[in-house]
Amino acid sequence: MRRASEVIDVPGTPRSLRLDNAEAAAGGVRLRWSFADPEVLPGDREPHGRRIHGVLEVRLSQDVQDDVARGWWAEAQLAAARRYRQQIDADWSPGEPYVRRIWTIEEAWQALLTHLGRYGAEVHVGDGEIRVVRGTEQTVYRIDPAAWAGYLTEPEVTEAAADSDIVPVATPLVDGLPLWAVDELFEAAGAWGPVVGLVDGRLVGLQVRDD
């Protein structure tokens, strides 16, 4: 188990995860693990030293070989990834590997229109903008299709990813868009509406509408 725990490779697992103890339990083995608490509280020193702890109990039905230990450690990593996601309220999918997607203009644009038109909203495209009407409310999006495709295409994961807090992990799709993009569209409309634009790779509010 000590050898197995030297590898952190399950998507979404915090890289600070460690095996604290492996002990015999009734009919199996009890694995105690922990990772650095990602939450930073006012007045915390760096590093604050707090850790989130967890326990995984596994059945012992055969001799513990390397592949069995690796399987147990993978279960512990997945449990830690789920706990970490809960701790920071993240929107990624523990255990699902990250695969970079390069969005075409057509698919990115169609996914945006599909998302904006959900729940019966009226979507009107023309004159370089998208007007979304829900009841008495209207939001205008000034987004260039090519810029939107670039916005959705995340930077390539490089060696620098090894310095990240977690193993690269997939983000779920909502209405065909990454959940992070859906969240940012929602926040932009709420904070800066009724006119929202994509400027220099960021969704921002446009205070003046040119009629």
- Message: Can you compute the FRET efficiency between residue 6 and residue 32 using 1/(1 + (r/R0)^6), with r the Cβ-Cβ distance and R0 = 22 Å? Round to the nearest 0.05.
- Response: 0.85
- Query: Rounded, prolate or oblate: which one fits the stretch 105-206, using the alpha carbon gyration tensor with axes a ≥ b ≥ c (rounded when a/c is under 1.5, else prolate when a/b beats b/c, else oblate)?
  - Reply: prolate
- Query: Where a ≥ b ≥ c are the square roots of the eigenvalues of the C-alpha gyration tensor, would you call the stretch 1-115 rounded, which needs a/c under 1.5, or, failing that, prolate if a/b is larger than b/c, or oblate?
  - Reply: oblate
- Query: Ignoring ligands, DNA and RNA, what percent of the 1.4 Å accessible area of the chain is carbon and sulfur?
  - Reply: 48 percent
- Query: Quick one: helix 66-88 against the long Cα principal axis of the chain, what's the angle to the nearest 10°, folded into 0 to 90?
  - Reply: 40 degrees
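Using r as the Cβ-Cβ distance of residue 50 and residue 164, and R0 as 25 Å, what FRET efficiency do you calculate, to the nearest 0.05? All intermediate terms of the calculation are to be shown ahead of the outcome.
Values: r = 20 Å, r/R0 = 0.79.
Step by step, r from the Cβ atoms, then E = 0.80.
Restricting to Cα pairs below 8 Å that are 6+ residues apart, what does the relative contact order work out to for the stretch 105-206? Please round to a whole percent.
Working: 125 pairs, mean separation 26.4, N = 102.
Computed value for the stretch 105-206: 26 percent relative contact order.
With charges only on Cβ, +1 for K and R and -1 for D and E, what is the dipole size of the stretch 1-59 about its Cα centre, in debye, rounded to 20? Please list the in-between numbers first.
Working: 10 positive and 9 negative charges, 45 e Å.
That gives a dipole near 220 debye.
Run the numbers for residue 41 and residue 89: contour at 0.36 nm per residue of separation, minus the present Cα-Cα distance, in nm. Display every interim value, and only then the final one.
Working: separation 48, 0.36 × 48 = 17.28 nm, distance 1.59 nm.
Gain on stretching residue 41 to residue 89: 15.7 nm.
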- Query: Can you give the extra length, in nm with one decimal, that the chain gains between residue 121 and residue 23 once fully stretched, where that is 0.36 nm per residue apart less the Cα-Cα distance?
  - Reply: 29.6 nm
- Going by average Cβ neighbours within 10 Å, how do the peptides 80-87, 176-183 rank, with the highest at the top? 80-87, 176-183
- Message: Just to confirm a number: summing +1 for Lys and Arg and -1 for Asp and Glu over residues other than residue 201 whose beta-carbon lies under 12 angstrom from that of residue 201, what do you get?
- Response: -3
- Message: Below 8 Å between Cα atoms, with a sequence gap of 6+, how large is the relative contact order for the chain in percent?
- Response: 21 percent
- Query: Hey, what's the chain come to in accessible area per residue, 1.4 Å probe, Å²?
  - Reply: 61 Å²
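The values are calculated or read from the model by the stated rules, or taken from the named source; none is laboratory data. Model, not experiment: these values are computed from the prediction. Quick reminder, even Gly has a Cβ in these numbers, built from the backbone with ideal geometry, and neighbours come from all protein chains shown. Heavy atoms of the whole protein, side chains included, go into the accessibility calculation; ligands, DNA and RNA do not. Shrake-Rupley method; radii C 1.70, N 1.55, O 1.52, S 1.80 Å.
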